[in-house]
Amino acid sequence: MTRPTTAQTISTPSPADGVNHPRKWAALGVLGAVAFMAQLDLYVVNVALPAMGDSYRGASLTDLSWVLNAYTVVFAALLIPAGRLADHYGRRRFLIVGTIAFTAASVICGAAPTLPILVAGRMVQAIGAAMIVPASLGLLVQAFPARQHNLVVGLWAGLAAVAGTCGPTTGGLLVGLNWRWIFLINLPIGILIVLLARPMVPHHRAAHGGRLPDALSSASMLVAITAFVLATVKGPDWNWLSGATLGLYAAAVVAATITVWRIIVHPHAMIEASVFTSREFNGATLALFGFFVGFAAWLLVSVLFLQDVWHYSALRTGLALAPGPFVALLWSVNAAPVAARFGRAVPAIVGSLCLVAAAAFWLLSARTMPAYVSGFLPGLLLMGCAAGLLQAPLFAAVSGLPAHRATTGSAVLNTARQAGSAVGVALLVVLLGRGHATLASCHRGWWLLVASGLFAALAVVLSRTPRHTTAVPSFAAADTAAKINER
């Protein structure tokens, strides 16, 4: 009897590891709920900060900002390590453990008697979110055949987009009851996900003989992302030229240099070089970063414009932003036929330009006197188109990576999204200046949206692969080589 080759021994899947899981649509429901829950908590807290300040007497705005910043920094820093470890130890296992951690932390946040306990709970929430977001996309790609990836990734990304755009709406509604409900609402969702994950979601087992990632690249990447995001979110408070801010940026540059060096020279770096062999994936990473600079800035500038310039309440602000998520979901559901007809690049480019068009509309039409239908709503609908059109094809780029690194690739894309969001908010704070927002300061924020949309569109255009070429053979070769190296 002929002994199987190394590649065959390593890559032989179990029956549950197939690409056409018998309960794939139920799995999509569970994994979509995971993406929605984790992304919602990135944006739902913003409108609740004043109410939290009333509960924690003596807490300054700087103190309260850590409720946002702690989640942002920890989530962004741990996405790639958690994604790689999920590929190694099993994606479903990480999904279940991460959901338990996220849900338990949500209860701690909802019941927190002091602000430090609330911030600590947010950090644990972020750890759970970092475990479940990349694992959910990796499991989704695993459960469906390649021909359905555009459809299901579009739905997954659409739910994430809806979570982001309806964050202020949900927050405004729940704050009307009590701000603690923005966390406690996660409890029934988390319990349902944990109960359904094992019977509905496909099992994933890492390749036999797989090795843990290189310790140096793991540590350097963690330092690089943490330092960069922390300096970016706190720069407006600390002063951009302060020693703390410049020191963190310097540490990020040094750590990033070490990380890139290890990726090039070490076969088991935290992110292997094979992840970056796809031109489309690299373009998607840059485009997501650029788009979310504008998207995060838009969410904040919209809330400030409606509340400070038009003097809307938190609840009215949430309701005013509500149409955006529905438009985003509509386009996300139809991402597959759009991509099938025009390719993945076209909807991503159009989505980026919709961001530009939305900002241009507000620059031309927004006034100090409230005029929702004529001065705000058309731009909001364009933003829904942008979020729905762009995210699905960009996140679908992960399906072209080696199969055993799907979750790592998802983590890279999500890290680009989170880093872009942090940069967008930081830049907007600088552009708006101190004090209440004015129409003039909002104009500066909308120009930031124009720049970020153009950057995202350019990244997609430059990464387009000519139709007469294909990258599949290189992925297959990289996949086999990587698995052999893991032995």
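The values are calculated or read from the model by the stated rules, or taken from the named source; none is laboratory data. Note that this is a predicted model, so its numbers are computed, not measured. Positions of Cβ are generated from backbone atoms using ideal geometry, with glycine treated the same way; all protein chains shown enter the neighbour counts.
One residue stands out in the range 323-333 among those that are of a type in the set (Gly, Ala, Ser) and at pLDDT 80 or above: the one that is farthest from Phe376 (Cα to Cα), namely Ala328.
In this entry, Ala59 is excluded by the filter for residues that are within 23 Å of the chain's Cα centre (by Cα) and at pLDDT 75 or above.
Against the numbered list (1) more than 28 Å from Phe144 (Cβ to Cβ); (2) out of contact with any Ser or Thr (no Cβ under 6 Å at 6 or more places or on another chain); (3) among the small types (Gly, Ala, Ser); (4) buried (at least 20 other Cβ atoms within 10 Å of the Cβ), Gly351 comes up short only at (1).
Evaluating Met270 against the criteria (1) modelled with pLDDT under 85; (2) under 30 Å from His436 (Cα atoms) leaves one unmet condition, (2). Scan the range 108-117 and give yes if some residue there is touching an Asp or Glu at 6+ places or on another chain (Cβ under 7 Å), at pLDDT 80 or above and under 26 Å from Val229 (Cβ atoms), otherwise no. Checked the range 108-117: at least one residue is touching an Asp or Glu at 6+ places or on another chain (Cβ under 7 Å), at pLDDT 80 or above and under 26 Å from Val229 (Cβ atoms).
Among the candidates Gly90, Gly83, the residue that is buried (at least 23 other Cβ atoms within 10 Å of the Cβ), at pLDDT below 90 and within 17 Å of Val34 (Cβ to Cβ) is uniquely Gly83. What's the number of the condition Leu306 fails, among (1) in a loop (DSSP other than H, G, I, E, B); (2) aliphatic (A, V, I, L, M); (3) in contact with a Lys or Arg (Cβ under 8 Å, 6 or more places away or on another chain)? The number of the failed condition is (1). Exactly one residue among Ala269, Ala250 is among the aliphatic types (A, V, I, L, M), more than 22 Å from Arg464 (Cβ to Cβ), assigned to a helix (DSSP H, G or I) and touching a helix residue (DSSP H, G or I) at 6+ places or on another chain (Cβ under 9 Å), and that residue is Ala250. Against the conditions (1) of a type in the set (Gly, Ala, Ser); (2) modelled with pLDDT of 90 or more; (3) within 24 Å of Gly409 (Cβ to Cβ), Ala16 satisfies every one except (2).
Taken residue by residue, the range 351-369 has at least one member that is of a type outside the set (Ser, Thr, Tyr), free of Cβ contacts under 8 Å to residues at least 60 places away in the same chain and not in a helix (DSSP H, G or I). Quick check on my filter: what residues within the range 129-142 are within 15 Å of Gly400 (Cα to Cα) and either within 14 Å of the chain's Cα centre (by Cα) or modelled with pLDDT of 80 or more (or both)? Selection gives Leu137, Gly138, Leu139, Leu140.
Whether any residue in the range 421-443 is of a type in the set (D, E, K, R), in contact with a Leu (Cβ under 8 Å, 6 or more places away or on another chain) and surrounded by fewer than 24 Cβ atoms within 10 Å (Cβ to Cβ) is what I want to check. Within the range 421-443, not a single residue is of a type in the set (D, E, K, R), in contact with a Leu (Cβ under 8 Å, 6 or more places away or on another chain) and surrounded by fewer than 24 Cβ atoms within 10 Å (Cβ to Cβ).
Number of residues in the range 354-377 that are farther than 20 Å from Tyr43 by Cβ and in contact with a helix residue (DSSP H, G or I) (Cβ under 6 Å, 6 or more places away or on another chain): the value is 9. The set of residues in the range 310-330 that are part of a helix (DSSP H, G or I) and surrounded by fewer than 20 Cβ atoms within 10 Å (Cβ to Cβ) comprises Leu315, Arg316, Leu319, Pro323, Phe326, Leu330. Among the residues of the range 163-178, not a single one is crowded, with 24+ Cβ neighbours inside 10 Å, among the polar types (S, T, N, Q), closer than 22 Å to Val201 by Cβ and in contact (Cβ under 8 Å) with a residue 60 or more places away in the chain. Against the conditions (1) among the polar types (S, T, N, Q); (2) in a helix (DSSP H, G or I); (3) modelled with pLDDT of 85 or more, Gln391 satisfies every one except (3).
So, Arg405, is that one in a loop (DSSP other than H, G, I, E, B) and either within 23 Å of the chain's Cα centre (by Cα) or modelled with pLDDT of 90 or more (or both) or not? Taking the combined requirement at face value, the residue does not satisfy it. Filtering the range 286-306 to residues that are surrounded by fewer than 22 Cβ atoms within 10 Å (Cβ to Cβ) and either within 18 Å of the chain's Cα centre (by Cα) or without any contact (Cβ under 8 Å) to a residue 24 or more places away in the chain (or both) leaves Leu286, Leu300.
List the helices (runs of 4 or more DSSP H) inside the range 147-204, counting only whole elements, that have at least 3 residues being of a type outside the set (A, V, I, L, M) and either more than 18 Å from the chain's Cα centre (by Cα) or at pLDDT 80 or above (or both).
Hits in the range 147-204: 167-175, 186-200.
Under the condition of being surrounded by fewer than 20 Cβ atoms within 10 Å (Cβ to Cβ), part of a helix (DSSP H, G or I) and of a type outside the set (S, T, N, Q), the residues counted in the range 37-63 number 7. Here Arg417 meets each of (1) over 20 Å from the mean Cα position of the chain (by Cα); (2) in contact (Cβ under 8 Å) with a residue 40 or more places away in the chain with one exception, condition (1). For the residues Tyr56, Tyr89, Tyr71, the requirement of being closer than 20 Å to Arg417 by Cα and of a type in the set (Phe, Trp, Tyr) singles out Tyr71. Determine which member of the set Ala252, Ala231 is without any contact (Cβ under 8 Å) to a residue 24 or more places away in the chain, buried (at least 16 other Cβ atoms within 10 Å of the Cβ) and within 22 Å of the chain's Cα centre (by Cα). Going through Ala252, Ala231 in turn, just one is without any contact (Cβ under 8 Å) to a residue 24 or more places away in the chain, buried (at least 16 other Cβ atoms within 10 Å of the Cβ) and within 22 Å of the chain's Cα centre (by Cα): Ala231.
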